[in-house]
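Taking it in order: structure first as structure tokens, then the write-up.
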Amino acid sequence: MFELDPAVRRETLRIALGTLILSAVMEAVFLILKKWDPTVLFGNLLGAFTAVLNFFLMSVTVTKCIGLTEDKAALRIRTSQMGRLFMQGAFAAVGALLPCFNTVAVLIPLLFPSIVIVFIRLLEGKKKPLPGAADGGTEPETEKIQEETQSEETQE
């Protein structure tokens with residue numbers, strides 16, 4: 001049985017909360033523009049669900065790739081990315097084809113996780129480059145784990 005990494009759970013909850021807030025803002029905009037109807041709510045729910053699910057699946061994939069060789073990890077991540085893109089396309093198609101969904105309200109929430117990530121980085125004041133950045137930036141938690149592991153090995 002796969003045990004969910006606490007970091008995946010924590011970050012997915014953060015993305016879900018941010019998506020919920022942005023979804024409420026989008027609903028308010030539709031209300032202000034007098035374009036709101038139940039299809040907007042249903043479209044928003046479908047789009048937000050798809051966006052959070054996509055982030056969750058990406059996080060799980062990346063977590064599972066830790067410890068794999070670079071080639072195997074890259075292949076698994078590319079495969080996951082293609083599958084997740086197909087999933088998003090399928091949900092978007094359902095939202096566009098069925099009259100119970102507002103197509104715009106389905107598509108806009110797909111952008112919310114990216115917006116939430118930007119806000120989180122701004123609010124936390126992180127100045128460190130993202131992993132894989134041109135200047136060779138690394139993930140702070142990974143560095144911490146590596147340092148702890150090295151210090152434990154030297155103590156033995």
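The values are calculated or read from the model by the stated rules, or taken from the named source; none is laboratory data. Source: prediction; values computed, not measured. Here the Cβ positions follow ideal geometry from the backbone for every residue, glycine too, while neighbour counts run over all protein chains shown.
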Which of the residues that make up the stretch 58-76 are part of a helix (DSSP H, G or I) and more than 18 Å from Thr12 (Cα to Cα)? Glu70, Asp71, Lys72, Ala73, Ala74, Leu75, Arg76
Return yes when Ala92 is farther than 30 Å from Ala24 by Cβ and either surrounded by 17 or more Cβ atoms within 10 Å (Cβ to Cβ) or without any contact (Cβ under 8 Å) to a residue 12 or more places away in the chain (or both) and no when it is not. no
Just to be sure before I move on: is Phe49 modelled with pLDDT of 95 or more and more than 23 Å from Glu3 (Cβ to Cβ) in the structure I sent? yes
The one condition in (1) surrounded by fewer than 21 Cβ atoms within 10 Å (Cβ to Cβ); (2) outside any loop (DSSP other than H, G, I, E, B) that Phe55 fails to fulfil: (1)
Candidates Thr79, Thr138, filtered to the one that is more than 20 Å from Leu13 (Cα to Cα), at pLDDT 90 or above and β-branched (Val, Ile, Thr): Thr79
Just give me the residues in the stretch 64-73 being surrounded by fewer than 13 Cβ atoms within 10 Å (Cβ to Cβ) and of a type outside the set (Asp, Glu), in sequence order. Ile66, Gly67, Thr69, Lys72
Checking the condition charged (D, E, K, R), surrounded by 11 or more Cβ atoms within 10 Å (Cβ to Cβ) and in contact with a Cys (Cβ under 9 Å, 6 or more places away or on another chain), which residue from Arg76, Arg14 passes? Arg76
